Amino acid sequence: MSESEQSVLLEKDGDVAILKLGSPDERVVILSEKRMESLQEALLTVGKMAQSDGLKGLVISGAHDGLFCAGADINIIRSVETVDEGQRLAKQGQEVFQILEDLPLTTVAAISGACVGGGCELVLACDYRVLVGNSSTKIGLPEVKLGILPGFGGTQRLPRLVGVQAAMDMILKGRVSPAPIALKIGLADELVDSPDQLVSRCIDIASGKRRPPAKSLGLVDKAIAKFSFVRNFVKSKIEKQVSKTTGGHYPAPAKAIEAVFRGLDDGLEAGYQREAKFLGELIVTPECKSLVHIYFLTEESSRLGKSAQERVEGTSIGVIGAGTMGAGIAASFLMSGYPVVLVDTVKEARDRARGRIEKIVSKKRSFSESKKKKCLESLTLTDDLAKFSGTGLVVEAIIEDLEIKKKVLGSIERIVGDDCVIASNTSSLSVTEIAVDLERPGNFIGMHFFNPAEKMQLVELVCGEKTSDESIAIVAALTDSLGKYPVVVQDVPGFLVNRTLTPYLVEAAYLLSEGHSVKEIDKAATKFGMPMGPLRLLDEIGLDVAAKVSEIIEAGYGVRMQGPKFAEELVAKGLFGKKSGRGFYIYPEGKGKPEVNGELFTLLEIEKAGKKCDSDTIARRLSYSLVNEAVRCLDEGVSGVPGKGAAGQIDLASVMGTGFAPFRGGIINYANSVGAEKLNKDLEEFSRLYGERFSPAKGIKERASSGGSFSV
Ligand code: NAI
């Protein structure tokens with residue numbers, strides 16, 4: 001890190017001091033220890049100037065438009081090893097921001113760009129906050145997403161500024177809000193239309209020429225602040241909600257609640273102390289380290305397409321197939337500002353897709369009405385393939401049939417330019433085989449979105465034998481620009497995610513066949529930390545889709561992917577999962593909660609069990625199935641480049657693609673936490689008890705005897 005990357009600059013404009021965070025050449029301002037020291041020094045200087053030079057105000061801004069402060073240095077969060085060290089860091093931050101709050105002049109934050117984490121806590125210590133009302137300005141406290149709480153005073157200042165309800169919502173969800181929402185909840189005092197007006201507007205306020213309108217808390221928040229019985233009631237309600245959503249796996253939200261309410265009950269000083277103590281305790285937890293691990297993997301993933309970033313700017317996108325996936329893919333590109341040509345031969349499919357895309361866009365909370373309108377105006381729905389000419393990327397999402405895909409892709413290749421990348425969203429076919437007759441196979445790649453495409457954050461970039469590095473970079477850059485995470489994988493049956501997921505789903509079927517109930521199986525998985533159980537997941541995927549994919553994977557890997565054919569049997573009886581309202585669960589019309597399908601055991605002719613496994617064993621049978629296959633993928637080089645973050649790519653794919661418990665840091669991180677020796681021992685025992693499919697992967701056996709780690 002260079003000197004300039006740690007600096008703050010102090011300037012003067014009449015009777016107002018201007019403190020600029022960062023330097024003109026910085027792209028991101030983080031609060032490194034060095035920067036905190038410079039900030040403290042500058043604030044003390046401003047304090048002296050207030051006494052001696054008659055200074056009236058202070059404006060804190062970024063060094064240029066779009067730059068404010070992205071918060072604490074996450075490398076520090078990663079490296080802290082003791083509770084005391086964490087607590088000391090929090091106290092240091094609290095002290096610096098207290099100096100800011102105590103300055104005897106009017107302080108105003110001029111915010112353009114990201115103002116998050118420690119950056120947001122910094123502006124909370126100012127008297128006023130003015131934000132640029134554009135889409136690149138965002139403000140919030142995402143700390144719980146890293147397994148910690150806001151530790152520089154945020155848990156105390158935010159509830160006092162915006163009220164307990166809005167503050168808890170922001171802190172517990174790790175919300176980062178656009179400027180209009182910040183204004184609505186009272187976090188911002190004013191918005192300006194353009195960055196050019198920002199600093200001068202703030203100088204006016206700091207010099208006392210004008211004051212933003214005064215704010216006051218709503219009645220409920222006033223009652224919470226005033227009456228302890230109201231506070232106790234609200235606190236226990238929030239605690240209940242949090243324990244339901246975290247399942248007890250994430251300690252940070254509960255500690256954040258405790259810190260906020262301690263401050264309200266016993267005063268600011270007690271609140272700050274509690275906050276610092278909890279930061280120290282949380283920063284060393286395995287949950288925090290795992291979440292930070294995932295954070296760095298997302299950063300790495302967004303660098304995959306760096307070399308092609310400029311090239312993809314302003315390009316237009318073609319999508320063929322306006323069904324479930326095509327509509328979601330088109331919506332994702334539209335919402336990221338790309339013009340999209342969506343082709344389907346069937347008129348009803350085009351009409352349905354238009355309706356779905358309109359619905360997806362209309363739900364986009366952070367978009368203004370004019371932005372939503374612009375998005376929809378950038379969509380061309382047609383049956384004319386010729387409209388693809390001039391596009392930079394065409395994504396194919398038609399029926400899963402090799403011959404039809406080859407034919408359609410050949411026609412597309414003749415229409416688009418030589419530098420257009422063509423991608424297939426195939427979930428089970430070989431990318432190399434699809435490309436076999438193409439003139440430019442180097443321009444062809446698998447771009448495997450997950451369902452629902454507009455929501456799921458992972459995209460597998462599947463390399464065929466001839467896919468060029470340039471095509472990978474282009475598609476990675478585009479994926480990143482959608483706010484999704486690209487993971488590069490090899491062209492093996494099931495690619496990475498479906499291949500690792502299959503033994504897990506197969507194991508759920510075995511457990512069911514042994515007479516374990518749907519509830520026992522799914523509950524063991526959610527207790528382990530999965531967002532939903534494997535049988536519920538099968539219903540979501542669609543039993544017909546799952547049956548088709550598993551057929552291909554079974555053919556690729558044999559016995560360890562074979563299990564009871566429950567999905568096929570249910571499909572034959574007309575049960576397709578959620579989309580048909582019936583599967584392992586029954587889905588009531590409207591918003592009702594799904595109930596376990598009571599007829600399942602009869603339908604599948606499953607005998608009631610004799611001896612059954614306990615919840616821990618069920619969870620291990622399920623999770624070790626994932627681990628065993630993931631280690632094979634790691635050692636075969638299915639993800640990324642072996643030796644260069646391949647393990648990380650598996651971790652990221654497992655969390656973003658399958659929802660694998662983020663607090664466990666992904667499958668390989670979890671494997672490391674269990675240790676090769678225990679994994680090997682348990683798998684051998686499972687293999688003896690339940691079948692050969694549990695036979696430990698070679699890489700597990702080897703690491704068990706060498707003591708090696710899985711992180712390569
Ligand atoms: P879908 O059946 O919902 O949609 C396919 C669409 O393609 C239909 O609207 C159909 O009219 C259109 N189509 C068929 N032939 C065409 C042609 N020659 N020209 C233009 N349009 C044509 O299918 P879905 O589920 O969207 O799947 C599409 C692709 O995405 C498949 O390759 C599938 O394996 C893959 N996929 C599906 C996932 C899922 O969960 N549904 C997940 C990930 C990938």
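The values are calculated or read from the model by the stated rules, or taken from the named source; none is laboratory data. Just so we're clear, the structure is a prediction, and the values are computed from it rather than from any experiment. Because the Cβ atoms are built from the backbone with ideal geometry, glycine has one as well, and the counts that use them run over all protein chains shown. Quick note on the areas: whole protein, heavy atoms, side chains included, nothing else; ligands and nucleic acids left out. Shrake-Rupley method; radii C 1.70, N 1.55, O 1.52, S 1.80 Å.
So, in segment 292-342, exactly how many residues are within 16 Å of the ligand (Cβ to nearest atom), part of a loop (DSSP other than H, G, I, E, B) and crowded, with 22+ Cβ neighbours inside 10 Å?
2
Could you name every one of the helices (runs of 4 or more DSSP H) located completely within segment 123-186 that has at least 1 residues being open to solvent by less than 40 Å² (accessible area, probe 1.4 Å) and among the basic types (Lys, Arg)?
154-162
Just one of the numbered conditions (1) within 30 Å of Leu55 (Cα to Cα); (2) part of a helix (DSSP H, G or I); (3) without any contact (Cβ under 8 Å) to a residue 60 or more places away in the chain is not true of Phe229; which one?
Tallying (1) within 30 Å of Leu55 (Cα to Cα); (2) part of a helix (DSSP H, G or I); (3) without any contact (Cβ under 8 Å) to a residue 60 or more places away in the chain, Phe229 fails exactly one: (1).
Exactly one of these conditions fails for Lys519: (1) within 22 Å of Arg664 (Cα to Cα); (2) surrounded by fewer than 19 Cβ atoms within 10 Å (Cβ to Cβ); (3) more than 16 Å from the ligand (Cβ to nearest atom). Give me its number.
(1) is the only condition that Lys519 fails.
Scanning for something within 16 Å of the ligand (Cβ to nearest atom) and open to solvent by less than 70 Å² (accessible area, probe 1.4 Å), does segment 591-614 turn up at least one residue?
Within segment 591-614 (the criterion being within 16 Å of the ligand (Cβ to nearest atom) and open to solvent by less than 70 Å² (accessible area, probe 1.4 Å)), the answer is no, since none of the residues qualifies.
Which numbered condition trips up Gly417, out of (1) within 12 Å of the ligand (Cβ to nearest atom); (2) more than 26 Å from Ile552 (Cα to Cα); (3) open to solvent by less than 40 Å² (accessible area, probe 1.4 Å)?
The number of the failed condition is (1).
Got a sec? Which of Thr345, Thr380 is out of contact with any Ser or Thr (no Cβ under 6 Å at 6 or more places or on another chain), more than 30 Å from Ala179 (Cβ to Cβ), open to solvent by 60 Å² or more (accessible area, probe 1.4 Å) and free of Cβ contacts under 8 Å to residues at least 60 places away in the same chain?
The unique qualifying residue is Thr345.
Check Asp539 against each of (1) open to solvent by 50 Å² or more (accessible area, probe 1.4 Å); (2) within 26 Å of the chain's Cα centre (by Cα); (3) within 16 Å of the ligand (Cβ to nearest atom) and name the one condition it does not meet.
Among (1) open to solvent by 50 Å² or more (accessible area, probe 1.4 Å); (2) within 26 Å of the chain's Cα centre (by Cα); (3) within 16 Å of the ligand (Cβ to nearest atom), Asp539 violates only (1).
Does Lys347 qualify as being within 16 Å of the ligand (Cβ to nearest atom) and either at pLDDT 95 or above or within 30 Å of Lys91 (Cβ to Cβ) (or both)?
Criteria met by Lys347.
Grab the strands (runs of 3 or more DSSP E) fully contained in segment 20-116, keeping just those with 3 or more residues being modelled with pLDDT of 95 or more and either basic (Lys, Arg) or open to solvent by less than 10 Å² (accessible area, probe 1.4 Å) (or both).
57-62, 106-111
Considering segment 355-379 alone, what residues qualify as being in contact with a Lys or Arg (Cβ under 8 Å, 6 or more places away or on another chain) and within 14 Å of the ligand (Cβ to nearest atom)?
none
Out of curiosity, is Asp383 over 25 Å from Gly657 (Cα atoms) and within 11 Å of the ligand (Cβ to nearest atom)?
Yes: the conditions hold for Asp383.
Test Arg632 against the criterion of being farther than 27 Å from Thr285 by Cβ, touching a residue at least 60 places away in the same chain (Cβ under 8 Å) and assigned to a helix (DSSP H, G or I), and give yes or no.
Considered against the rule, which asks whether it is farther than 27 Å from Thr285 by Cβ, touching a residue at least 60 places away in the same chain (Cβ under 8 Å) and assigned to a helix (DSSP H, G or I), Arg632 comes out as yes.
If you scan segment 334-359, which residues turn out to be within 15 Å of Glu396 (Cβ to Cβ) and out of contact with any helix residue (DSSP H, G or I) (no Cβ under 8 Å at 6 or more places or on another chain)?
Thr345, Ala349 - these are the residues of segment 334-359 that are within 15 Å of Glu396 (Cβ to Cβ) and out of contact with any helix residue (DSSP H, G or I) (no Cβ under 8 Å at 6 or more places or on another chain).
Counting only residues that are closer than 23 Å to Val436 by Cα, give me the helices (runs of 4 or more DSSP H) lying completely in segment 450-550 with at least 2 of them.
It comes to 469-481.
Give the residue, chosen from Leu512, Leu458, Leu496, that is under 30 Å from Lys244 (Cβ atoms), open to solvent by less than 10 Å² (accessible area, probe 1.4 Å) and within 16 Å of the ligand (Cβ to nearest atom).
Exactly one of Leu512, Leu458, Leu496 is under 30 Å from Lys244 (Cβ atoms), open to solvent by less than 10 Å² (accessible area, probe 1.4 Å) and within 16 Å of the ligand (Cβ to nearest atom), namely Leu458.
Hey, does segment 549-560 have a residue that's within 16 Å of the ligand (Cβ to nearest atom) and free of Cβ contacts under 8 Å to residues at least 60 places away in the same chain?
Within segment 549-560, one or more residues are within 16 Å of the ligand (Cβ to nearest atom) and free of Cβ contacts under 8 Å to residues at least 60 places away in the same chain.
Just give me the residues in segment 572-604 being within 13 Å of Asp522 (Cβ to Cβ), out of contact with any helix residue (DSSP H, G or I) (no Cβ under 7 Å at 6 or more places or on another chain) and assigned to a strand (DSSP E or B), in sequence order.
Listed by number, the list holds a single entry, Glu595.
Kindly establish whether Ser428 is farther than 19 Å from Gly305 by Cα, open to solvent by less than 40 Å² (accessible area, probe 1.4 Å) and among the polar types (S, T, N, Q).
Here the answer is yes, as Ser428 does meet what is asked.
Before we move on, is Glu400 acidic (Asp, Glu), in contact (Cβ under 8 Å) with a residue 60 or more places away in the chain and open to solvent by 10 Å² or more (accessible area, probe 1.4 Å)?
Criteria met by Glu400.
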